[in-house]
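In what follows, a structure is listed as structure tokens, so that the remarks can point back to it.
The values are calculated or read from the model by the stated rules, or taken from the named source; none is laboratory data. Note that this is a predicted model, so its numbers are computed, not measured. Glycine also receives a Cβ, built like all others from the backbone with ideal geometry; neighbour counts cover every protein chain displayed. Quick note on the areas: whole protein, heavy atoms, side chains included, nothing else; ligands and nucleic acids left out. Shrake-Rupley method; radii C 1.70, N 1.55, O 1.52, S 1.80 Å.
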Amino acid sequence: MSSVANQELVKSAPILSGPAELREFPDWFRDQQRAAWKQFESLPKPTRKDQPWRFANVNLLDLTPFKYGGTLSEEERAAILERSRGLDEVAGRMIFAGDELIERDVISDQLKRRGVIFQSLERAMVEHTELFRKHFMSQPAVLGSARFAALHQALVSSGTFLYIPRGVEIELPIEIFHWLNGENASAFPHLLLVTDELAKVTVIEHFRSLDPPLPAFACGVNDLIAGPGAKVTYVCAQKWGGNVVALQMNTTTVDHDASAMSLNLNVGSRYSRFESLSRLIGEGGRSDLLAVSVAKNQQEFDARTLQDHVSPHTASDLLYKNALDDRARTIFGGLIRVEPHAHFTDAYQKVRNLLLSDDAEANSMPGLEILADNVRCTHGATSGQIDEDELFYLHTRGIPTKIAQRLIVTGFLDEVIQRLNHPAIAEHLQRLIEEKFGT
């Protein structure tokens, strides 16, 4: 069989057939993939009896139909490139279809001269092997999706590597697009972001479907490393098609006097599970975990988080807000853990659910595990409907019910988005929320 024919055969193979050796990877990386595949096969499928999967609709996690995405036609490539515009001004941009990098807008020569590296994973594992191996999936998946993290490691073949050296500040955001294309297609997005001491960067990732009604599967991982005194801002704008099953596993490591802020917007997919592990490993570190979800019809958004305070004098603040309509469901399982000797920890966790329908369902399970003294930790979750007084006030000013409800909900969610303190990104996220209300 010719190499071209063999490539086509493997690209259309089911993902459960295992790693496809289509690309030239270093032997050590290929060995890691084979080991990860064995781990994936050995781990049991999740059930609702498992505490990390409590309340989740695990029946949606049947991977049998999904396959490698196949090749792009010229029309599809052109459509993706045309629609891959989120922000007007960016420092760099990458666009992926499935696991294929189809365009990279290079960063400026000035940033290159200062040592910024912005390239694909395939190049990084060869050209920056030591840095890559040190940080690539170095933290175990502890929030329930170890099986899917192993699947990702076994099948990932592309992604983004971003390194910002000591003292370099990138003023404009870095923008990354991931597209699903084709019926039962799959994608394994990956971002490896490493910031050195006193570096500063903002990254926004967009997750989209070229043909929104088609079923597909996505399984992504992010490794975010904030070095001493660094400032990292990460934004996820998830707008997969309505029949996509998606999992995203984020790990953030925050060194001393560093800060990391992540904001996850969920408006797309049939089922989306987001796991966020934030480890504060150095004194003075701070982590802000933010999320906004707008769920309609029978969508299900499943969030699991761990604020892990390893060192003393660290702070974390989680604020998740969900708006649910129709028969939509949200799940939140979050834990603040204060390790022994992590004294003077300051940690908060708040989840608020706005129910727009009697059939909507919000399940919240906040928790604390404190193994040190002299800490201040609070957590809580609330669920409620639109305030009738607020609705009446808008009615008296001639605003129809549907528009009044939308104004109240967008105001409810906007508190989270404004925490970013980035007007251009905030405007983009608000536009995605408006579009969701319009569907």
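Quick check on the chain: helices-only [θ] at 222 nm, where DSSP H runs of length 4 and up contribute -39,500 (n - 2.57) each and the sum goes over total residues. Nearest 500, please. Walk me through the intermediate numbers first.
Details: 10 runs with 106 residues, N = 439.
Here the helix-only value at 222 nm equals -7000 deg cm²/dmol.
With a ≥ b ≥ c taken as the square roots of the eigenvalues of the C-alpha gyration tensor of region 152-212, please select rounded if a/c is under 1.5 and otherwise prolate if a/b is larger than b/c or oblate if it is not? If you can, show how the numbers build up before the last one.
Numbers: a/c = 5.36, a/b = 2.02, b/c = 2.65.
Because a/c hits 1.5 or more and a/b fails to exceed b/c, region 152-212 counts as oblate.
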Taking the C-alpha atoms of the chain, convex hull volume expressed per residue in Å³: 146 Å³
With a ≥ b ≥ c the root eigenvalues of the C-alpha gyration tensor of region 77-183, is it rounded (a/c under 1.5), prolate (a/b larger than b/c) or oblate? oblate
Just to verify a number: FRET efficiency for THR401 and LEU60, C-beta to C-beta distance, R0 = 45 Å, to 0.05? 0.85
Ordering HIS135, HIS206, HIS422 by the accessible surface of their heavy atoms, 1.4 Å probe, largest first, yields HIS422, HIS135, HIS206
Percent accessible area from carbon and sulfur atoms, the chain, protein chains only, probe 1.4 Å: 48 percent
Could you name the lysines whose alpha carbon sits less than 26 Å from that of LYS402, not counting residues in the same chain fewer than 8 places away? LYS239, LYS296, LYS321, LYS436
Once the dipole of the chain is set up with Lys and Arg at +1 and Asp and Glu at -1 on Cβ about the Cα centre, which of HIS341, ALA328, ALA36 lies farthest towards its positive end? ALA36
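Work the Kirkwood hydrodynamic radius out for region 8-106: mean of 1/r over every pair of different alpha-carbon atoms, inverted, in Å.
Working: mean 1/r = 0.0585 Å⁻¹.
About 17.1 Å for region 8-106.
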Top of GLN39, GLN248, GLN299 by mean-square fluctuation, Gaussian network on the chain, Cα under 10 Å: GLN39
Per 10 Å bin, what percent of the C-alpha pairs of region 209-363 does each bin hold, from zero upward? 12, 39, 30, 16, 4, 0
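Where both residues lie in region 44-198, what percent of DSSP beta bridges are antiparallel, nearest 5?
Working: 9 of 21 bridges.
Approximately 45 percent, going by the DSSP bridge assignments.
Return the Rg/Rh value of region 300-380, two decimal places, where both radii are evaluated on C-alpha atoms and Rh is the Kirkwood radius.
Taking Rh as the inverse mean 1/r over Cα pairs, Rg/Rh reads 1.10.
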Show the residues, 5+ positions off or on another chain, whose built amide H is closer than 5 Å to the amide H of PHE96. ILE102, PHE177, HIS178, TRP179
Rounded accessible area per residue of the chain, 1.4 Å, Å²: 42 Å²
Rg and Dmax in Å for region 185-235, alpha carbons only: what are they? 14.6, 44
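Taking 0.36 nm per intervening residue step and subtracting the Cα-Cα distance, what contour gain separates ALA35 from GLU75 on full extension? Mind showing how you got there, number by number?
On the way: separation 40, 0.36 × 40 = 14.40 nm, distance 3.78 nm.
Stretched out fully, the ALA35 to GLU75 stretch lengthens by 10.6 nm.
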